[in-house]
Amino acid sequence: MNEALAVAKFSALANTTRLRMLKFLVGVGESGASAGEVAEVVGATPSRASFHLSVMSEVGLIKSTRVSRYITYYVDFAVVGDLISYLMQDCCQNNKTVMDCCSVKNIC
């Protein structure tokens, strides 16, 4: 991952609503959720939720499938993993203190 792509992905998450949405979608896993379900969980209107989901889709953090008029949103775990890896390895340069923190909390 290059720096510009990482910045775009981190920028998309630099919003409370979008971060909550990502956390919710991580929790529902591969089953995904509709924009309405996501909106309800984060306390957003459906149109506002669609806007935020679109921002995250544009940078690849989430993906969607459409069946007729029904759209289901999912986290792209490979992309999120790449972003975390970029932060840990490239930015933190595998710093022992940072890595120890992650292993104690079972993050990495």
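Observations on the structure shown:
- Between the helical axis of 46-58 and the longest alpha-carbon principal axis of the chain there is an angle of about 40 degrees.
- Only Lys, Arg (+1) and Asp, Glu (-1) charged, at Cβ; region 3-76 dipole about Cα centre in debye: 140
- Region 3-76 - percent of accessible surface contributed by carbon and sulfur, probe 1.4 Å: 53
- Total lysine pairs in the chain at Cα distances under 19 Å, for residues eight or more apart or on different chains: 5.
- Once the chain from Ser64 to Asn2 is taken as fully extended at 0.36 nm per residue, the excess over their C-alpha distance is 19.9 nm.
- Candidate values (i) 28, 14, 12; (ii) 44, 15, 11; (iii) 91, 12, 6, label of the one derived for semi-axes √(5λ) of the Cα gyration tensor in Å: (i)
- Take the chain and mark each of the trypsin sites (Lys or Arg not before Pro) that is in a DSSP loop with at most 14 other Cβ atoms within 10 Å; the longest unmarked stretch, sites excluded, is 1-68.
The values are calculated or read from the model by the stated rules, or taken from the named source; none is laboratory data. Not measured: the values here are computed from a predicted model. Quick reminder, even Gly has a Cβ in these numbers, built from the backbone with ideal geometry, and neighbours come from all protein chains shown. For the accessible areas, the whole protein counts, side chains as well, though only heavy atoms, and no ligand, DNA or RNA atoms are used. Shrake-Rupley method; radii C 1.70, N 1.55, O 1.52, S 1.80 Å.
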